[in-house]
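Data block below; observations after.
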Amino acid sequence: MKTLIIAAALIAAATPVLAQTAKTFTGHELAKSAKVSMHDAEAIALKARPGVIKDRELEKEKGGSGLRYTFDLVGKDGKKYEVGVDAADGKVLENGLDNDKD
């Protein structure tokens, strides 16, 4: 019984962490081709443009290796930015104001 209670407590404690780690993003089917993980790409993007990431995707796009993570984020200045990180080598390919009208 004691073991069951401990196991239940560990599962309950880990659930929010697992949910946060498994942040959803568009392009899961491309992840096996990426050499840089989503987690590492997020860190690179936030170093290039500190703020809060609001959306993330992995997509095929011209430039760099052709596979990039794109992050929509709100910078510390409150403006919306888009940061692109190459999924092959982690280079920042894009870092500017988000010109998306939606």
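What follows is calculated from the coordinates using simple rules that are stated; it is not laboratory data. This is a predicted model, so every value here is computed, not measured. Neighbour counts run over all protein chains shown; Cβ positions are idealised from the backbone, glycine included.
Side notes on the structure shown:
- Diffusion coefficient (Stokes-Einstein, Kirkwood radius over C-alpha pairs, 25 °C, 0.890 mPa s) for the range 25-97: 208 µm²/s, rounded to a whole number.
- Taking the average, over residues, of other Cβ atoms within 10 Å as the packing measure, peptides 75-84, 41-50 rank 41-50, 75-84 from highest down.
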